[in-house]
Amino acid sequence: MARQGAFMIFLRKKRVFALLLVCFVLVLFMNSDFIGRKLYPIYFEQEIRQSAAKHNIDPFLIAAIIKVETNYKYHLESRKGALGLMQLMPDTADWIVESTNLGPHMQEDLLKVDVNINLGSWYLSWLKKHYNGNLIYAIAAYNAGQGNVNKWKKNNVWDGSEAHINQIPFGETRHYVQRVLYYYEKYTKLYSEQWGNKN
């Protein structure tokens, strides 16, 4: 009899545990942004937000570029020699420093999170202005270089619209632009309210 009573208590405890588990899963799915932020985390939030405010560029665009460039691995160097989170070429970084008052740097500074995001954000903002606010051209130029994008624009190869991304001559750049836009949209949806973003 005592054994049967203990078994009934065990069953009740299992039912309570199962009910709590179901409730927990339901709460998670009701708050899908919570799950989304776990699937699409943004790292280096403080550095991204500071540089975004300083250079008047959307922080979620910076985050999307970082995600596609390096997936938040700050110590990477590409085969072509691009460095850090935002994969800046040393020559580009030198030009940015000469064009601004962002201060001198050594090549190894490009592996520092704050320096890399600051320079990369300035460059992204500059590209956006250079293309009169056309974000798609700016993203493409970040990957393929201004010379190529200027040529495509001048020769009517690609009009800089999202609808015609398939006209970008470089497959890598086509894919790059699509991925950056995908993460940009994801981050904006998931984090805008939390970050109080007004860009």
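The values are calculated or read from the model by the stated rules, or taken from the named source; none is laboratory data. These figures come from a predicted structure and were not determined experimentally. So basically every Cβ, Gly included, is an ideal-geometry build from the backbone, and we count neighbours across all protein chains shown. We work out accessible area using only protein heavy atoms, side chains counted, and drop any ligands, DNA or RNA first. Shrake-Rupley method; radii C 1.70, N 1.55, O 1.52, S 1.80 Å.
Details
- The range 77-100 - residue that is surrounded by fewer than 22 Cβ atoms within 10 Å (Cβ to Cβ) and part of a loop (DSSP other than H, G, I, E, B) and, of those, modelled with the lowest pLDDT: THR100
- Matching option when the condition is more than 17 Å from the chain's Cα centre (by Cα), in a loop (DSSP other than H, G, I, E, B) and modelled with pLDDT of 95 or more, among ASN132, ASN148: ASN132
- Some residue of the range 156-174 being within 23 Å of GLN50 (Cα to Cα) and either assigned to a helix (DSSP H, G or I) or open to solvent by 50 Å² or more (accessible area, probe 1.4 Å) (or both): no
- Qualifying residue in the range 117-126 (condition: open to solvent by 80 Å² or more (accessible area, probe 1.4 Å) and either outside any helix (DSSP H, G or I) or free of Cβ contacts under 8 Å to residues at least 40 places away in the same chain (or both)): no
- Within the range 78-100, residues that are β-branched (Val, Ile, Thr) have Cβ atoms under 7 Å from residues that are open to solvent by less than 10 Å² (accessible area, probe 1.4 Å) in these pairs: ILE96/LEU119, counting only partners at least 6 apart in sequence or on another chain.
- Picking from residues in the range 129-151 that are crowded, with 22+ Cβ neighbours inside 10 Å and touching a residue at least 40 places away in the same chain (Cβ under 8 Å), the one that is farthest from TRP95 (Cα to Cα) is ILE139.
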